[in-house]
Amino acid sequence: VQTETLAAALEQWARLLGGECVQHDPALLSGAETATFATRQRIVAILQPGSRAEIADCLAIANRFRVPLYPVSSGKNWGYGSRVPPTDGCALLSLSRLNRITAFDEDLGYVTVEPGVTQRQLFEFLKQRQSRLWMDATGSSPECSLIGNAMERGFGHTPYGDHFANVCGLEVMLPTGDVIQTGTARFEGSATAEVSRWGVGPSLDGLFSQSNLGVVTRMTIWLMPQPEAFEAFFFRGEDGDGLAPLIDSLRRLRLQEVLRSSIHIANDYKVLGGIQQYPWAEMGDKTPIVPVDMASFRKKLSFGYWNASGALYGTKAQISEAKRLLASELRGQAGGLKFLSPGKLQIAKRFAGAFRTFTGWDLRRTISLVEPVLGLMQGEPMTASQALRSAYWRKRMPVPAEPDPDRDGCGLLWYAPVAPAKGDIVTKLAADASEVLLKFGFEPMISLTMLAPRTVCSVISITYDRGVPGEDEKAMTCYSRLHETCTRGGFFPYRLGIQSMSELPEPPVYTELIRKLKRTVDPGGVLAPGRYDCGSSER
Ligand SMILES: Cc1cc2nc3c(=O)[nH]c(=O)nc-3n(C[C@H](O)[C@H](O)[C@H](O)COP(=O)(O)OP(=O)(O)OC[C@H]3O[C@@H](n4cnc5c(N)ncnc54)[C@H](O)[C@@H]3O)c2cc1C
């Protein structure tokens, strides 16, 4: 974009939104151009519209001057690119000022939100109303948006953990400024706009997730009725080979609907990264922690090679039967199966002091680690410092009270390949990923989530300190190797970082269809060019 053209666009945006809602101060722009890995893209301005009409006008100006816009809801897409657009020269369209909860129904269990509504806001909204509905929260910051996460098809912990599977009635502004509603929300006077996902005719919702075809300005999220009973469970696989039978057992239990929510299995590295920062002193400043060192951390801190957690939701009778079936299925395969209800946790908290006096065992640390997990399983977001601790793994600074991984130079790249829920296949994926990370000198932190009965989504993190020279480059090479290894094995990611949005081997006929759609809805090519490379004109 020519300097004069950009200046004219900036002037029109400022006239539209007011100067304070069009930022181009170099320090602010540089913050927004920073992610948890190296990026080179420049942002020309940050626009903060306050209404749908203003979004439409921002788009009109973008089309007039051909300056592309990159929409973010809260812009905390850490590990996948944060707020940074995949291509150079975009203005950031920050939607955080549109933060109203516009509808709520306790009986039908839904809430309708705008893009700026955060996990914290919804949690507090439900609490204030003494609602008996639970939201589903991610393990990220409470300040993350609901719409941004759902648009990336992110996930959480309860039976409603697959976020995009539990939304409907999207209101979408197309790059031309036209607004459409999906499902039956498009019919005047529809009685089922918030409760019917498919509507009638072609279902369009999916076109607007992981794409650049529209700006989602409103969305209905389904909420889970609080069950009569809830109990968490935890168990371990004590060695690397123990994973396959666990996956096979969990698949059977998920398919039979004995288990109805996401089950998370974290390897030892992931657990260590969740409870503390890098043990620099114990490791004599050496990186990475190799498997033999990890074995001694497992012993010292008493966690397993594989560490599973999940929860049971239902009536008391359902839970008691599910506990019996779970214990019977895992017999001889898993160690340390424990059940924990919120009531038992309260008792443990009350007696932790006395317990320590008599046994010398400090339960409080265990409680402080388990309590937020139990909260997540009941739809309560963690605090930012609990959630973001793992991003500071290799940093030598303590985790700040108000963490910001972009600002603090935390290095983090997620890679999230999906595998069929078969023990031997998942074991091979985890072993191959570990080998790649260790080869590059990073701890292979891996979590495996059985979000649906037939698939396991692994989230592999490359976590490092961006302040150490050379680490950015090494981490990116490691990421590319991981991507090659996984896709060669047939494991494609459920979501992508901005650095790899055009690296999948798309069949030409598929790409062409997406490009045709893109050209139709965005003839000026002004919305998020390069995002999931949905036919961006650059290709
Ligand atoms: C320690 C840690 C733990 C994490 N745990 C989880 C987890 O458990 N589950 C999980 O899913 N993620 C997790 N994340 C990743 C990430 O932080 C979350 O997914 C977060 O919700 C995404 O950021 P956001 O909500 O601010 O979305 P945004 O950054 O606002 O949006 C994400 C992308 O969606 C698109 N988008 C956003 N809003 C719109 C819109 N209105 N219309 C059209 N397109 C839009 C944009 O292109 C944007 O880049 C974690 C990250 C860290 C660092």
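For residues that are in a loop (DSSP other than H, G, I, E, B) and either without any contact (Cβ under 8 Å) to a residue 24 or more places away in the chain or more than 9 Å from the ligand (Cβ to nearest atom) (or both), scanning just the stretch 53-88, find the one that is farthest from the chain's Cα centre (by Cα).
ARG66
Out of the residues in the stretch 134-150 that are of a type in the set (A, V, I, L, M) and assigned to a loop (DSSP other than H, G, I, E, B), state the one that is farthest from ALA391 (Cα to Cα). Please lay out each step first, then the result.
Quick first cut of the stretch 134-150, residues of a type in the set (A, V, I, L, M) only: 135, 137, 146-147, 150.
Narrowing the set further to residues that are assigned to a loop (DSSP other than H, G, I, E, B) leaves 135, 137.
Working: MET135: 25, ALA137: 18 Å.
Ranking the qualifying residues of the stretch 134-150, first place goes to MET135.
Could you say whether any residue in the stretch 486-507 is surrounded by 13 or more Cβ atoms within 10 Å (Cβ to Cβ), aromatic (Phe, Trp, Tyr), more than 19 Å from LEU204 (Cα to Cα) and in contact with an Asp or Glu (Cβ under 7 Å, 6 or more places away or on another chain)?
no
Quick one: ARG252 ticks every box in (1) more than 20 Å from CYS457 (Cβ to Cβ); (2) surrounded by fewer than 22 Cβ atoms within 10 Å (Cβ to Cβ) bar one, so which box is it?
Condition not satisfied by ARG252: (1).
Given the condition assigned to a loop (DSSP other than H, G, I, E, B), within 13 Å of the ligand (Cβ to nearest atom) and within 16 Å of CYS21 (Cβ to Cβ), answer yes or no: does some residue in the stretch 89-96 qualify?
Going residue by residue through the stretch 89-96, those that are assigned to a loop (DSSP other than H, G, I, E, B) are 89, 95-96.
Imposing the further condition that a residue be within 13 Å of the ligand (Cβ to nearest atom) reduces the set to 95-96.
Adding the requirement that they be within 16 Å of CYS21 (Cβ to Cβ) leaves 95-96.
There is at least one residue in the stretch 89-96 that is assigned to a loop (DSSP other than H, G, I, E, B), within 13 Å of the ligand (Cβ to nearest atom) and within 16 Å of CYS21 (Cβ to Cβ).
I need every pair where a residue in the stretch 272-285 that is in contact (Cβ under 8 Å) with a residue 24 or more places away in the chain and assigned to a loop (DSSP other than H, G, I, E, B) has its Cβ under 6 Å from the Cβ of a residue that is of a type outside the set (Phe, Trp, Tyr) and surrounded by 14 or more Cβ atoms within 10 Å (Cβ to Cβ), sequence separation at least 6 or different chains.
These pairs meet every condition: TYR278/ARG394.
Please go through the stretch 134-159 and pick out each residue that is more than 6 Å from the ligand (Cβ to nearest atom), crowded, with 22+ Cβ neighbours inside 10 Å and not small (Gly, Ala, Ser).
TRP134, MET135, ASP136, LEU146, HIS157, THR158
Filter the stretch 387-444 for residues that are hydroxyl-bearing (Ser, Thr, Tyr) and within 16 Å of the ligand (Cβ to nearest atom); which is nearest to ALA281 (Cα to Cα)?
Once the filter is applied, the top-ranked residue is TYR392.
Please specify each residue of the stretch 160-178 satisfying the condition of being farther than 13 Å from LEU204 by Cα and either in a loop (DSSP other than H, G, I, E, B) or acidic (Asp, Glu) (or both).
TYR160, GLY161, ASP162, PRO175, THR176, GLY177, ASP178
Can you tell which of ALA27, ALA45 is within 25 Å of ASP178 (Cβ to Cβ) and either more than 14 Å from the ligand (Cβ to nearest atom) or assigned to a helix (DSSP H, G or I) (or both)?
ALA45
From (1) part of a strand (DSSP E or B); (2) closer than 24 Å to GLN226 by Cα; (3) not charged (D, E, K, R), pick out the condition that doesn't hold for SER320.
If we test SER320 against (1) part of a strand (DSSP E or B); (2) closer than 24 Å to GLN226 by Cα; (3) not charged (D, E, K, R), just (1) comes out false.
Residue check: is ARG66 of a type in the set (Lys, Arg) and closer than 21 Å to GLY524 by Cα?
yes
Can you pull out every residue in the stretch 98-108 that is part of a loop (DSSP other than H, G, I, E, B), touching a residue at least 60 places away in the same chain (Cβ under 8 Å) and either surrounded by fewer than 19 Cβ atoms within 10 Å (Cβ to Cβ) or more than 10 Å from the ligand (Cβ to nearest atom) (or both)? Working first, answer last.
Going through the stretch 98-108, the residues part of a loop (DSSP other than H, G, I, E, B) turn out to be 98-100, 106-108.
From the residues that got through so far, the ones that are touching a residue at least 60 places away in the same chain (Cβ under 8 Å) too are 98, 108.
The answer is LEU108, and nothing else.
With respect to ARG197, is the statement that it is basic (Lys, Arg) and assigned to a loop (DSSP other than H, G, I, E, B) true?
yes
Each reported figure results from applying straightforward, stated rules to the coordinates on display, with no laboratory input. Computed from a predicted structure; not experimentally measured. Using ideal geometry, Cβ is built from the backbone for each residue, glycine included, and neighbour counts are taken over all protein chains shown.
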